[in-house]
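Let me begin by presenting the structure, written as structure tokens, before commenting on it.
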Amino acid sequence: MVEIISENPFHAGEIEAQSRAGVEDVAQWAGGFIRDHLPEQHRAFHKSLPFLVMAGADTEGRTWVTLVDGEDGFIQSPDAKSLTLATDVDDGDPLAAALEAGTDIGVIGIELATRRRNRFSGRARKSESGYKIDISQTFGNCPQYIHERAWTRVERGAPGLAIAGTTLTPSQVALIQSADTLFIGSGHQSGDDVPSRGYDASHRGGAPGFVRVSDSGHLHIPDYAGNNFFNTIGNLLIDPRIGLVFVDFETGTLLHVTGRAIVDWEPQNSHDFDAWRMINVEIDAVVERPGAVALRWTKQDHLLHRLRVKKRVAESSDITSFYLSSADDRRLPPFEAGQHLPIEVQVPGQVGVSKRSYSLSGEPGAGDGYRLSIKREDKGLVSRFFHDQIREGSFIQASQPAGDFVIPCGKCPLVLVSAGVGVTPMIAMLHAAKAANGSRPVWFVHGSRNGKEHALREDVDALLADYPAAQQQVFYSRPEDGDSFDKRGRITGRSLLELGVGSDAHYMLCGPARFLSEIKRDLEAGGVPASNIHFETFGPSV
């Protein structure tokens, strides 16, 4: 039997990190996003990948991270709690002996071309055809700092001679200073044998040079706003041993680093103004493996579109819409309702461009323009830049629309549920439902504090005016005099069940992580199949 983790899924270090960051209530809602198994879509995702990233410890207890690749289809999923890998790990890999003997590992599967990723932890052991991984915890991730790359496979030759040392060589320093991606490993083996014990593999990305090399034995890694789980930071508070791997995407070379880390919670004179914390690493050992993987990656910068802001509209007290058109009159790629637009901007004072993804809030499929409706976050570097400095006539760069938070069925009833700026993909879905099938039953349920903060209401009212199969319900938690709304308070799973839309309805949820977790839990308790509940989070707790 598979289940969602309902008890506190975090260990003492993670709880301490959450407390220091001021997000002490994470355990109350995070269980809804952490499972003891891979959902079907995650199993399919991992089976499609050409490589996995693994973190664990060698026979001396040092933490390392590696990439394991193989031929097409080398990853399989016999059941929801395991993966098999039909491949070998060569002796030069710092985790080779540990994987051969069987060890706890953390894994991240990542698709650099589409910016999707999924993380899990478990235990690896040797099998007849390669390796088997028994899974203990799984959770998804956001695509915020992932740089898009397409991959190709080259003929696998004999592995290059591994170069080992205790400090970085000049060429290795150069590789790190040019890197926009690294994978980081951490873990702990103390305490009870619970799912949170073990290792974690995580992705870090930024502008080239986001990792600073102060000398041949010390690195400084910025820690940005993330999902508030603090898996890496929490592990390091208990066990400072850390592993890193940098990838030379053009040659397949892997640069493995192991050492010990100290977390600086209030970095001064940081080389990265976007960092909330800094992970300072003292290097213990380095292994460089030329041509270690038979994969090569190329950036997709040629697919970037230069967009011009043709209009900006204040939608509420803290949300502004930016209407974008092609700067060179090219037809823009269409998008599916619910997808997001990866954008990049040059923020003054920042080294390199800053990348974010925002849900598209306009009518899908047109191709002649996009609309982003962005909430100004006090600590949001890019959202503040948009609100304060992006004007009509400004230019930004954007990749193609992406994301799999899309309408899952052709005719089923839809319940579109949002809170705050989570309304943005729901408006696109309402457009799509109305255009494709005007008889599809739709409930549009939105929660806001009050009328002043309720964004894009006129858009929704206009769409619903001649859509008789659709209904709306508006919740205000702190209404003001003169506000027009349906219910006081917050949206709950119970209030959605009271709509009586039927068991074949699909619930599309977008909002803060805690909001989604509570609703998801209540819907499942009320008999809604987990396969009929789809969600996307936003903000710092993506």
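Of note:
- When the stretch 318-363 is limited to residues that are in a strand (DSSP E or B) and small (G, A, S), the one that is nearest to T424 (Cα to Cα) turns out to be S359.
- Any hit, the stretch 81-95, residues being in contact (Cβ under 8 Å) with a residue 60 or more places away in the chain, assigned to a strand (DSSP E or B) and in contact with a strand residue (DSSP E or B) (Cβ under 7 Å, 6 or more places away or on another chain): no
- Boolean, E458 is under 25 Å from L360 (Cβ atoms) and among the acidic types (D, E): yes
- Residue match in the stretch 113-126 (condition: surrounded by 17 or more Cβ atoms within 10 Å (Cβ to Cβ), at pLDDT below 85, part of a strand (DSSP E or B) and of a type outside the set (G, A, S)): yes
- Residue among L112, L161 that is assigned by TED's automatic domain parsing to the domain that holds A201, among the aliphatic types (A, V, I, L, M) and over 30 Å from L381 (Cβ atoms): L161
To keep it simple, each residue is scored yes or no on (1) crowded, with 19+ Cβ neighbours inside 10 Å; (2) touching a residue at least 60 places away in the same chain (Cβ under 8 Å); (3) not in a strand (DSSP E or B).
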site	(1), (2), (3)
R440	yes, no, yes
K452	no, yes, yes
S484	no, no, yes
S495	no, no, yes
G502	no, yes, yes
L509	yes, yes, no
I519	yes, yes, yes
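- Which numbered condition L416 misses (of (1) hydrophobic (A, V, I, L, M, F, W, C); (2) surrounded by 19 or more Cβ atoms within 10 Å (Cβ to Cβ); (3) assigned to a helix (DSSP H, G or I)): (3)
- There is at least one residue in the stretch 379-386 that is more than 22 Å from Q473 (Cα to Cα), in the same structural domain as S326 (by TED's automatic domain parsing) and out of contact with any strand residue (DSSP E or B) (no Cβ under 9 Å at 6 or more places or on another chain).
- Only listed residue being farther than 16 Å from S373 by Cα, surrounded by 18 or more Cβ atoms within 10 Å (Cβ to Cβ) and touching a residue at least 12 places away in the same chain (Cβ under 8 Å), chosen from A428, A398, A470: A470
The values are calculated or read from the model by the stated rules, or taken from the named source; none is laboratory data. Keep in mind it's a predicted model, so treat the numbers as computed, not measured. Glycine gets a Cβ as well: all are built from the backbone with ideal geometry, and neighbour counts include every protein chain shown.
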